[in-house]
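The values are calculated or read from the model by the stated rules, or taken from the named source; none is laboratory data. None of these values were measured; they are calculated from a predicted model. As a convention, Cβ positions derive from the backbone with ideal geometry for all residues, glycine included, and neighbour counts pool all protein chains shown. Ligands, DNA and RNA are stripped out before the accessible areas are found, and what is left, the full protein with its side chains, is counted by its heavy atoms. Shrake-Rupley method; radii C 1.70, N 1.55, O 1.52, S 1.80 Å.
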Amino acid sequence: MASWIFPLSVIGFLLILFATNRYRFKLSLVPQFVVGWLVIELAWFHCLIALTLIMMALGDLSNWSINTVLGFALTAYNGFRLWTIHDRAVDSRKEFEKTLAIGLGDNYCERILDERRILLTRGFSKHSWMKPFRLNSKPMNAVKGVNYGPNDRNFLDIYTPETRPTTPMPVMFHIHGGGWTIGDSKHQGLPLRNKLVDAGWVFVSINYRLSPDHKFPAHLIDCKQALSWVKEHISEYGGDPDFIMVTGGSAGAHLASLVALTANENKKILQPEFEDADTSVQGCLPMYGVYDFCDRTEHRKDIPILDFLEQYVMPHKYKKNDLLWDLASPISQSCESRPPFMITHGELDTLAFVEEARHFAKELRNSCSNTPCVYTELEQTQHAFDIFYSPHCIESIKAMHVFSEYIYSDYLRSENKQPS
């Protein structure tokens with residue numbers, strides 16, 4: 001074993017180096033996402049592996065050489081580096097507290113109604129990150145495969161608390177990611193679902209038509225049609241049709257942002273055959289999304305995402321001042337009537353660049369400074385940080401819950417309603 005510790009330590013060192021830096025080479029973007037995602041979000045687990053290697057090397061002292069000594073030292077450094085990454089992820093709670101205070105005001109927790117504030121601590125233990133893949137939840141009611149439209153992927157799942165309260169519950173409307181070409185509602189948003197349902201929310205997760213068989217705006221039309229169905233029927237499941245927030249990650253964040261920013265607009269294009277339906281929402285929480293298909297700020301000028309969008313997602317190639325490409329870009333839709341936003345993005349994201357998220361948040365604030373817009377940028381964080389119970393996932397979901405309860409409390413006050 002001792003003879004292998006040096007090459008293993010070198011491989012570990014290179015993987016950590018690759019995971020914690022962002023290289024803009026076309027061929028490295030996806031591999032860097034995969035390596036960065038697994039190394040950073042499971043840093044404590046890899047730290048245990050490094051510790052195990054050290055213990056095995058110590059148990060084989062008779063075969064030590066200079067390479068063994070170097071490997072031992074490098075493995076110890078790798079373990080220290082990994083624990084630092086983990087500790088920084090756990091510490092992201094402070095960054096969320098800071099950005100929530102900036103976006104909502106220093107007394108944002110006091111603005112949450114007492115009956116709702118006591119729910120914030122539910123759902124996570126102190127070390128939930130030690131069981132990252134335990135995605136089951138407390139008992140809940142689930143109604144799956146509900147059709148909301150005429151197409152084969154027009155179905156949604158509804159999750160509600162096991163015990164239904166006497167008053168209507170707030171609703172979270174979840175849109176899955178997958179680059180507009182893959183994905184399924186049952187595989188994404190599970191930690192957020194478990195947290196919110198445990199706190200008395202209705203969680204609706206939808207599927208929609210995918211590219212390349214279906215081009216934009218088919219995805220957005222389906223999302224709006226599903227939202228229309230929810231507004232009409234969610235009261236049957238205990239939900240409040242007048243309070244619905246929308247969320248999603250990656251492509252789901254893009255679509256969630258468009259749902260929030262194009263409510264009741266361009267109805268002939270975006271709401272064909274259901275033009276009279278109300279498609280407004282009370283808040284939007286996009287994570288690691290793409291917000292400008294046209295790449296006006298040229299953050300992605302050397303990356304072939306435009307080729308991907310032209311080939312798979314959009315019905316025709318991009319040209320300047322193209323109305324459909326403009327409509328597909330959330331950054332072009334920011335307006336004074338927008339709902340509250342909470343945007344979360346990873347600093348190292350190689351699939352959806354953080355510079356675009358920064359610019360989007362800035363535009364939202366400029367368009368309507370009186371409506372909350374919380375923007376949180378997570379250090380040393382890749383794409384898809386919310387898939388399993390990693391420290392980034394746990395802290396981001398806690399913060400999203402706080403933001404949602406803040407908006408819900410304001411809604412209850414304005415409508416003079418009783419909390420569920």
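Taking 13 Å as the cut-off, the amide N atoms of the stretch 1-36 that come nearer than this to a point 7 Å along the Cα-to-beta-carbon line of ILE49 belong to 8-17, 19, 35-36. With contacts taken as Cα pairs under 8 Å and at least 6 residues apart, the stretch 4-91 reaches a relative contact order of 45 percent. Taking the chain as the reference, fit the longest principal axis to its C-alpha atoms, fit the long axis of helix 391-415 to the helix C-alpha atoms, and give the angle between the two in degrees, 0 to 90, nearest 10. Helix 391-415 sits roughly 20 degrees off the main axis of the chain. Ligands, DNA and RNA excluded, the heavy atoms of ARG338 present near 10 Å² of accessible surface to a 1.4 Å solvent probe. Cross-link partners for LYS398 among the lysines, with Cα-Cα distance under 28 Å and sequence neighbours closer than 8 places in the same chain left out: LYS94, LYS98, LYS126, LYS131, LYS138, LYS144, LYS186, LYS195, LYS224, LYS231, LYS362, LYS417.
Ranking TYR288, TYR23 from most to least accessible surface, computed with a 1.4 Å probe over the protein chains only, gives TYR23, TYR288. Taken along the Cα-to-beta-carbon direction at a fixed 7 Å, the label points for LYS417 and LEU70 span 6.6 nm. Amide H contacts for GLY239 (H built 1.01 Å from N in the peptide plane; partners 5 or more residues away or on another chain; cut-off under 5 Å): MET169.
In this structure the amide hydrogen of VAL374, modeled in the peptide plane, comes within under 5 Å of the amide hydrogens of PHE341, MET342, ILE343, none closer than 5 places in sequence on its chain.
On a 0 to 90° scale, report how tilted helix 29-41 is relative to the longest principal axis of the chain, with both axes built from alpha carbons and the result rounded to the nearest 10. It is inclined by approximately 80 degrees. Within the chain, the longest run free of GluC sites (Glu not before Pro) that sit in a DSSP loop with at most 16 other Cβ atoms within 10 Å is 1-161. Remark: the LYS320-LYS215 segment gains 35.9 nm on full extension, using 0.36 nm per residue and subtracting the alpha carbon distance. Only helices enter this figure: runs of n ≥ 4 DSSP H residues, each worth -39500 (n - 2.57), summed and divided by the residues of the chain, yield -13000 deg cm²/dmol at 222 nm to the nearest 500.
Magnitude of the charge dipole for the stretch 4-91, about its Cα centre and with charges confined to Cβ atoms of Lys, Arg (+1) and Asp, Glu (-1), is about 400 debye. In this structure CYS284 has an accessible area near 0 Å², from a 1.4 Å probe over the protein heavy atoms. Taking the accessible area of the chain, probe 1.4 Å, and keeping the other protein chains in place, the carbon and sulfur fraction comes to 56%.
When the chain is modelled as a GNM with alpha-carbon springs shorter than 10 Å, which of VAL204, VAL259, VAL30 fluctuates the most? With Cα springs under 10 Å in the chain, the top fluctuation among VAL204, VAL259, VAL30 is at VAL30. Distance from the Cα centroid of the stretch 104-125 to that of the stretch 138-189 is 25 Å (rounded to whole angstrom). Taking every alpha-carbon pair under 8 Å whose residues sit at least 6 apart, the chain reaches a relative contact order of 20 percent. Can you find, among VAL90, GLY71, PHE385, the residue farthest towards the positive end of the dipole of the chain? Put +1 on the C-beta of Lys and Arg, -1 on that of Asp and Glu. Highest projection toward the positive end goes to GLY71. Computed with every protein chain present, the accessible area of THR163 is close to 110 Å² [probe 1.4 Å].
When ILE66, ILE206 are compared by accessible surface with a 1.4 Å probe, the order from highest to lowest is ILE66, ILE206. Over the C-alpha atoms of the chain, the Rg to Rh ratio, Rh being the Kirkwood estimate, stands at 1.01.
The antiparallel fraction among DSSP beta bridges confined to the chain stands at about 30%.
For SER137, SER337, the ranking by accessible surface with the largest value first comes to SER337, SER137, using a 1.4 Å probe. With a simple spin-label model that places each label point 7 Å from the Cα along the Cα-to-Cβ direction, the separation between ILE182 and TYR23 comes to 2.3 nm.
Taking every alpha-carbon pair under 8 Å whose residues sit at least 6 apart, the stretch 105-237 reaches a relative contact order of 26 percent.
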